[in-house]
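Colleague: Before we start, here is the structure in question, set down as structure tokens.
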């Protein structure tokens, strides 16, 4: 087996130091993060409203958007041993709770806010509708899944790639499609 070159060793060490420095900076700003967690190059506007459990991984390109950081109830909570893939977007104006051992694949979006769409009023001044999102323990969202406001995805459930979740999903079921529909029970 070929040994890595000196330049490769330097790059690996630099990335390790950079991630530790970034994590210290985020903690200084108010991020609550458990021991053994990795936080990549992510962006958020209200760090103090985000909690990440222990041994979790939040990869590069993740956006954790809080609608109003002055409201202490607008929170994003990520459980222990969770995996949040590249370029996941979590938009929170209410509350987003992600349980333990959850996997969210690249490009997925959790959006706890939307707009009304009544006739007779321009769309840009329609009232905002905000309802919390909950992913219970051991949930897997495959790539590019969209979860809409007010959804709970039950323990042990799986959502297929590219699905749009418009209804809550009971525990241990597999759903997929646009809109997502029941496919089968997990056995």
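No lab work stands behind these numbers, since they all come straight from the coordinates. Not measured: the values here are computed from a predicted model. We place every Cβ from the backbone using ideal geometry, glycine too, and count neighbours over all the protein chains shown.
Colleague: Can you give me the distance in nm between label points at residue 21 and residue 187, each placed 7 Å from the Cα along the Cα-to-Cβ direction?
Modeller: 5.4 nm
Colleague: Okay, next question. When a/c reaches 1.5 or more, the comparison of a/b and b/c decides; with that in mind, is segment 57-108 rounded, prolate or oblate per its Cα gyration tensor?
Modeller: oblate
Colleague: Sort 51-64, 105-118, 174-187, 86-99 by packing, meaning the average of other beta carbons within 10 Å per residue, with the highest value first.
Modeller: With the highest mean Cβ count within 10 Å placed first, the list reads 86-99, 51-64, 105-118, 174-187.
Colleague: Decide, for segment 116-169, between rounded, prolate and oblate: order the square roots of the alpha carbon gyration tensor eigenvalues as a ≥ b ≥ c, take rounded if a/c falls under 1.5, and otherwise choose prolate if a/b is larger than b/c, else oblate.
Modeller: prolate
Colleague: Please say if segment 40-187 is rounded, prolate or oblate, where rounded means a/c under 1.5 for a ≥ b ≥ c the square roots of the C-alpha gyration tensor eigenvalues, and otherwise the choice is prolate for a/b larger than b/c and oblate otherwise?
Modeller: Note, shape of segment 40-187 comes out oblate.
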